[in-house]
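To keep things clear, I will list the structure first and then write my remarks on it.
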Amino acid sequence: MTYEPIDLLDLDSQLTGEERQVRDAVRSFVEREALPKVNEHFRAGTFPLDLVPALAGLGIFGASIEGYGCAGVGPIAHGLINRELERADSGFRSFSSVQTSLAMGAIHLHGSEEQRERYLPEMAAGRILGAFGLTEADHGSDPSSMETRAVAVGGGYEIKGSKHWITNGGIADIMVVWAKLDDTVRGFIVDTKLPGFSAREIDNKLSMRMSVTSAVGLDGVVVPEDCLLPGTKGIGSALACLNQARYGIIWGVTGAASDCLTQTLEYTKTRHQFGKPIASFQLVQAKLADMATALSQAQLLAFQIGRLKEAGKLHWSHISMAKYNNARVALDIARTCRDLLGAAGITDDFSPLRHALNLETVNTYEGTQHMHQLVLGRHLTGIDAIS
Ligand SMILES: Cc1cc2nc3c(=O)[nH]c(=O)nc-3n(C[C@H](O)[C@H](O)[C@H](O)COP(=O)(O)OP(=O)(O)OC[C@H]3O[C@@H](n4cnc5c(N)ncnc54)[C@H](O)[C@@H]3O)c2cc1C
């Protein structure tokens with residue numbers, strides 16, 4: 001293992017032995033198996049499904065869940081998993097976030113004991129893949145206006161509507177579908193093989209290419225009664241799952257940014273112009289210094305958010321602050337690194353442009369920068385400026 005993320009504040013010294021073990025296991029998987037596949041899959045617009053058993057073997061799926069065949073690691077180790085995965089590509093972290101925090105998370109948070117026993121061990125083992133269908137084509141930042149409806153029919157529910165931009169939609173075995181039942185948003189575990197379920201790949205993406213993103217049709221899908229997640233009681237139930245996934249993003253994007261900066265530092269020291277390494281120019285050093293400072297602040301924020309989570313003191317306003325800050329910082333770093341790589345930076349010999357393209361999505365999904373600023377603004381002022 002040669003890669004070491006930039007860690008100017010020596011946050012590494014704060015890790016426990018167990019956290020280091022988790023980090024090293026994921027890092028070595030990334031070096032050996034994930035990174036060699038990234039460019040091929042990013043170009044093709046596909047996800048390397050053959051890596052799913054190895055990801056499961058590392059205990060990545062449902063990592064923070066106790067029991068049910070899951071690893072049950074603490075918040076810092078969970079964050080480190082996301083950081084190492086996203087260092088390779090945001091597509092890996094997205095795949096794992098959806099499986100872990102959104103699909104398994106919804107069943108763990110809102111499911112019955114029987115639902116947890118039935119799905120979580122199989123999902124931890126990667127034998128059942130999950131997706132999370134909240135967004136619709138006309139309802140993104142405002143998912144509570146969703147049009148998808150469920151109605152009770154003999155022995156179950158019929159779901160009609162559609163979902164858009166659904167990660168893993170076309171490869172999932174089950175999807176947690178959010179639909180209004182008697183005007184209340186509820187979650188349903190939907191088997192994707194049921195009649196009426198369809199998934200079409202959105203194949204013209206310039207971002208998050210190593211991730212399957214789908215448009216999903218729910219054309220009168222009838223699910224049995226025991227597919228309703230009993231703990232879901234409104235849009236807040238869906239948002240609770242999203243907050244778990246956002247925690248992973250806060251850490252994950254620091255991995256992508258660190259990868260960009262590591263490559264760019266090396267490049268600027270070896271690339272010569274005007275008879276000198278470009279790293280010797282003051283304007284270049286100012287950019288490198290600004291990026292290292294911004295990355296260190298983002299890493300520190302992720303760490304402290306993890307500590308608050310460990311202590312049971314994490315508030316949703318912390319998540320909003322760190323999600324929008326860290327995604328924006330990582331995107332800025334990736335764009336600046338691309339600039340410092342010159343023409344070479346527009347090829348896939350280097351990662352910054354690929355990371356930047358991916359981070360455009362990360363900046364938007366799970367709540368755009370505006371939405372999280374407004375959530376934090378509401379927390380600070382007590383005034384709702386969202387609607
Ligand atoms: C690759 C990818 C994968 C995704 N995966 C999933 C998934 O697995 N499951 C899922 O359910 N969803 C998923 N999404 C959807 C994602 O969560 C939404 O795209 C996101 O919530 C934003 O919604 P929107 O795209 O409709 O943008 P819009 O809501 O239309 O927003 C467009 C712009 O308007 C701004 N805006 C909107 N309202 C306000 C306001 N009140 N004040 C100020 N500005 C405002 C936004 O900030 C943004 O800049 C995914 C998206 C992408 C791109």
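Each Lys and Arg adds +1 at its Cβ and each Asp and Glu adds -1 at its Cβ; summed about the Cα centre, the chain shows a dipole of about 760 debye.
Across segment 146-162, coupling constants 3J(HN,Hα) worked out from phi with the 6.51/-1.76/1.60 Karplus curve, θ = phi - 60°, read 3, 9, 5, 10, 10, 10, 6, 10, x, x, x, 9, 9, 10, 10, x, 7 Hz, and Gly and Pro carry x. Taking each of Lys205/Lys233; Lys37/Lys163; Lys37/Lys287; Lys160/Lys323; Lys233/Lys313 in turn, the alpha-carbon distance tops 25 angstrom for Lys205/Lys233; Lys37/Lys163; Lys37/Lys287; Lys160/Lys323. Name the shape class, rounded, prolate or oblate, that the alpha-carbon gyration tensor gives for segment 11-124, where a ≥ b ≥ c are the square roots of its eigenvalues, rounded holds for a/c under 1.5, and otherwise prolate holds if a/b is larger than b/c and oblate otherwise. It is oblate, given that a/c is not under 1.5 and a/b is not larger than b/c. Cysteines in the chain lacking any other cysteine Cβ under 4.7 Å from their own Cβ: Cys70, Cys227, Cys241. A straight chain from Asp50 to Asp226 at 0.36 nm per residue would run longer than the Cα-Cα distance by 60.2 nm. In plain terms, the residue of Asp191, Asp349 with the fewest other Cβ atoms within 10 Å comes first and the most crowded comes last, giving Asp349, Asp191. Multiplying the residue separation of Arg127 and Asp7 by 0.36 nm and subtracting their alpha-carbon distance yields 39.6 nm. Put in order of Cβ neighbour count within 10 Å, fewest first, the listed residues Leu49, Leu353 become Leu49, Leu353. Packing here is the average count of other Cβ atoms within 10 Å per residue, and on that basis the peptides 150-158, 164-172, highest first, run 164-172, 150-158.
Close amide-amide hydrogen proximity is noted between Ala131 and Ile174, Met175, Val176, each under 5 Å apart and 5 or more residues distant or on a separate chain (H modeled in the peptide plane; Pro and chain starts excluded). Here is the list for segment 270-321: chymotrypsin sites (Phe, Trp or Tyr not before Pro) lying in DSSP coil, each with at most 16 other C-beta atoms within 10 angstrom of its C-beta, are Phe274, Phe281. You can think of it this way: the chain between Asp339 and Leu239 has 32.4 nm of extra reach, that is 0.36 nm per residue less the Cα-Cα gap. For the chain, set up a GNM with springs between Cα atoms under 10 Å and report which of Pro121, Pro75, Pro36 has the largest fluctuation. It is Pro36.
Based on Cα contacts under 8 Å between residues 6+ apart, the chain shows a relative contact order of 17 percent. Considering only Ser280, Ser214, Ser96, the mean-square fluctuation computed in a Gaussian network model of the chain, springs between alpha carbons under 10 angstrom, is largest for Ser280.
Where a number appears in this text, it was derived from the coordinates with a stated rule and is not lab data. Every value quoted in this text rests on a predicted model; they were computed, and no experiment measured them. Glycine gets a Cβ as well: all are built from the backbone with ideal geometry, and neighbour counts include every protein chain shown.
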